[in-house]
Every structure is written in C-alpha cells, then in structure tokens.
Amino acid sequence: AQSVTQLDSQVPVFEEAPVELRCNYSSSVSVYLFWYVQYPNQGLQLLLKYLSGSTLVKGINGFEAEFNKSQTSFHLRKPSVHISDTAEYFCAVSATGYSTLTFGKGTMLLVSP
Amino acid sequence: DAGVIQSPRHEVTEMGQEVTLRCKPISGHDYLFWYRQTMMRGLELLIYFNNNVPIDDSGMPEDRFSAKMPNASFSTLKIQPSEPRDSAVYFCASTFSGGNYNEQFFGPGTRLTVL
C-alpha cells in the first residue's frame, strides 16, 4: 500500500514570490507521482506527473516538481506565483501498473497581492 | 469531449432519504472511480469499476452505500438511508488504461448536504 503526506495544510504567499509545496510518499514498490490542482467549486485537474526518466517534471501554469527517490519526496515549485494560483493542491501516488491513486490531504495555496 | 459529467451539482436532502448521484464518464474510458471529499478525511476512494465491473469497493463506508455501472456511459452512487455525516463532495473520475498513463479525469463533483 502507498501513503502520501503533505506537510503543510495551508501556505500563504505574496504575489510574484516563489513557492514550494511539500509532498512525501511511502511505498514498498515503484510508483508514479502526481500533482493535481482544485480550484474553488471545481473538480481536480492534473498539474503534472512523474512516470520515469528525468526527475524534474514540468507541468502546466509554470509549475514544476522534482522526484527525489532517496528522500521519497515530490515537492512542487513555482518561481513566481499569481493570484490565480490560489487553489488547493493535491499530491497523489500510484503503484506502477495500477490505476488507483492515493491522495494526500491537500495544501491550500493562498496568494495575496 | 465534454469531460466527466456529474449530476446533480448540488443536493440537499433530509436524513433518512435516498440519494442518487449520477456520473457519465468520458467516452472510451474503461475505468470509473467514485471519491468522497471531506475536510476531515480528505479525498477517499469509495469504489472503482473496470469495464463496468466493480473491482474494489473496500472504501465504501457502509451498506447504506451502493454503486452500479449498468453500461460504459453511466454510473450511479446511491445512499439509502442518508445521514448528516454523509455530507461531502462526491467526485466521479474516469481513465483509459490503454494510454501513456491512465491519468484520471475528474468531474465537477456533487455537493451533498444531509440535514
């Protein structure tokens, strides 16, 4: 079984500042890793994913994440945030070859002017 | 493609009533998932189907919950009788196992309030 820990429930940040949302996972097998974003009153939307290959993954809206196998982490970063990035961000893990996802509890990113 | 469609978007009902949530997955997708989202427990997988067959329902909280997928384009999640603690946002998601990876596509959710 897999598990995901998102260390921060809320991250306040000023517009144009950099941000990092932390995610750690636990698994006894190889995994795929994902970040999803949920805007208010909407469903989840895939931001980026790591399947294999380069450990630095680029996604939509200027976000990127780095897979660190030794630290079992998959932190999400953006060098300069916008007000429109205010949303909840979910880290998720899946055992390779399987369809089910295990989600973290989510991190609310609050961007203020 | 219209994406995953869920109805209703909002449902308010009284304790003891039957509630039926509906989902239409993306055409061609062979997996369908039902999730529940609450502040306390986050996003939980309730049940999922592959080719209309339930594969794992271990996340279904109680016998009051049931789910069906009579065909590839329709699924229901039923709660009977409903209780206030069932209040949550229920998401349906679908994916195609034959793609690069089976990214899950989520519907907009149904916000259920049980009074």
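Please treat every number below as a calculation from the coordinates, not as lab data. These figures come from a predicted structure and were not determined experimentally. Cβ atoms come from the backbone with ideal geometry, glycine included; neighbour counts cover every protein chain shown.
Can you run phi through the Karplus equation (6.51, -1.76, 1.60; θ = phi - 60°) for region A:98-113 and list ³J(HN,Hα) in whole Hz, with x for Gly and Pro?
10, 9, 7, 10, 10, 9, x, 6, x, 10, 8, 9, 10, 9, 10, x
From the P(r) of chain B, could you give the percentage of C-alpha pairs in the tail past 21 Å?
Values: 2028 of 6555 pairs.
Here the tail beyond 21 Å accounts for 31 percent of pairs.
Where in chain B lies the longest segment free of GluC sites (Glu not before Pro) that are both loop residues by DSSP (not H, G, I, E, B) and have at most 13 other Cβ atoms within 10 Å?
After excluding every exposed loop site, the longest remaining stretch is B:63-115.
Which whole-number percent gives the relative contact order of region A:50-105, counting Cα pairs below 8 Å spaced six or more residues apart?
18
Amide H neighbours of A:Thr86 under 5 Å, counting only residues 5+ apart in sequence or on other chains, H built in-plane at 1.01 Å?
It is A:Val111, by chain and number.
Taking H placed 1.01 Å from N in the peptide plane, check which residues at least 5 places from B:Leu46 or on another chain put their amide H under 5 Å from its amide H.
Distant-sequence amide H within range of B:Leu46: B:Trp34, B:Tyr35, B:Arg36.
Put one equal scatterer on each alpha carbon of the protein assembly as shown, apply the Debye formula with no solvent term, and list log10 I(q)/I(0) at q = 0.18 1/Å to two decimals.
Here log10 of I(q) over I(0) equals -1.36.
Using the Karplus curve 6.51 cos²θ - 1.76 cosθ + 1.60 with θ = phi - 60°, work out ³J(HN,Hα) for each residue of region A:78-90 in order, rounded to whole Hz, and write x for Gly and Pro.
Residue by residue, region A:78-90 yields 8, x, 8, 8, 10, 3, 5, 7, 4, 4, 9, 10, 10 Hz.
May I ask which of A:Lys58/B:Lys24; A:Lys58/A:Lys105; A:Lys49/A:Lys69; A:Lys105/B:Lys24; A:Lys58/A:Lys78 have a Cα-Cα span longer than 20 Å here?
Details: A:Lys58/B:Lys24 31 Å; A:Lys58/A:Lys105 22 Å; A:Lys49/A:Lys69 15 Å; A:Lys105/B:Lys24 26 Å; A:Lys58/A:Lys78 10 Å.
Beyond 20 Å: A:Lys58/B:Lys24; A:Lys58/A:Lys105; A:Lys105/B:Lys24.
Tell me, in nm to one decimal, what length is gained between B:Thr76 and B:His10 on full extension, where the rule is 0.36 nm per residue of separation less the Cα-Cα distance?
That works out to 22.2 nm of additional length.
Count charges around A:Val57 for me, please; just the other residues with Cβ under 12 Å from its Cβ, Lys/Arg as +1, Asp/Glu as -1. Numbers along the way, then the final one.
Details: positive: A:Lys49, A:Lys58, A:Arg77; negative: A:Glu64, A:Glu66.
Net local charge, A:Val57 excluded: +1.
Using every Cα-Cα pair within region A:3-112, state what percent have a distance larger than 21 Å.
Of all Cα-Cα pairs in region A:3-112, 29 percent lie more than 21 Å apart.
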